[in-house]
Amino acid sequence: MKKLFLMLLLIILPISFMGCSSANMEDKITINKEDSHLSMVGMGTDYNISPLERSKYGIQIYAKEYNCGELKEKHNLLKTSIKLENNINDLHVGVFQNDKNISVGLDGSYLDFPVNFFNKSYNGTALSVLDVEKEIKLNKETPIAIYSIGKEDDSTYAMNIDGNDDLGLGLNENDLIIYLKINKVGDM
């Protein structure tokens, strides 16, 4: 009886560990910079977000404008929902400067939004993007691009958004941080 119990235990435990680890893998969503045909001409980048479960998601892309590290204005750029069906388990998001506008895109469709930020350039504008694969969490904002303008008689500093949450705000006179937020709004 003890041998039978031990054999069952040896069979059940590995199966239960595999089930737990695969559930954790499904919860890990990553964002990667991509070089794709979806890219627009201008200063910006496209990203691939995967894997996403077959479900309905709320997508928000918005910007926060800072002056010397202090929040001055928030710009709501894109708020929509998308239904991922069948074998589609990734999402393509892009952000670009287009003259004095910000162009944000979802799966290749871009919209322009006027932003006064680009009228302030003294020494040029620096762009900081995610250069490494980064894990993102649902229902949490993730910075995906930062446009920076230096002080009038100083350099413009690029920011580091690949690592921790310290973006280095205050090094430049003006920073425009583009955020992405994904919420799961329903199962299918």
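Please go through the stretch 106-132 and give me each residue that is of a type outside the set (A, V, I, L, M, F, W, C), modelled with pLDDT of 90 or more and under 20 Å from I161 (Cα atoms), ordered by number.
Passing the criteria: only S128.
Residue under question is K79, and the condition is that it be under 24 Å from S55 (Cα atoms) and among the basic types (K, R); does it hold?
For K79, the condition - under 24 Å from S55 (Cα atoms) and among the basic types (K, R) - is met.
For the stretch 108-143, what are the residues that are part of a strand (DSSP E or B), open to solvent by less than 40 Å² (accessible area, probe 1.4 Å) and of a type in the set (G, A, S)?
Hits for the stretch 108-143 are A126, S128.
Specify the residue that is nearest to I149 (Cα to Cα); the eligible residues are those in the stretch 69-107 that are touching a His at 6+ places or on another chain (Cβ under 8 Å) and open to solvent by less than 30 Å² (accessible area, probe 1.4 Å).
Top of the filtered list is I102.
Checking L13 against (1) open to solvent by less than 100 Å² (accessible area, probe 1.4 Å); (2) at pLDDT 90 or above; (3) not polar (S, T, N, Q), which single condition isn't satisfied?
That leaves (2) as the condition not met.
Given the options Y179, Y147, name the one that is touching a helix residue (DSSP H, G or I) at 6+ places or on another chain (Cβ under 8 Å), assigned to a strand (DSSP E or B), hydroxyl-bearing (S, T, Y) and surrounded by 15 or more Cβ atoms within 10 Å (Cβ to Cβ).
Y147
Go through the stretch 25-54 and report how many residues are modelled with pLDDT under 90 and either assigned to a strand (DSSP E or B) or under 13 Å from L180 (Cα atoms) (or both).
Looking only at that region, the number is 2.
The values are calculated or read from the model by the stated rules, or taken from the named source; none is laboratory data. The structure presented is a predicted model; accordingly, all values stated were derived computationally and were not measured. Counting neighbours? That spans all protein chains shown, and the Cβs are built from the backbone with ideal geometry, glycine included. Just the protein is used for accessible areas: all its heavy atoms, side chains included, with ligands, DNA and RNA removed. Shrake-Rupley method; radii C 1.70, N 1.55, O 1.52, S 1.80 Å.
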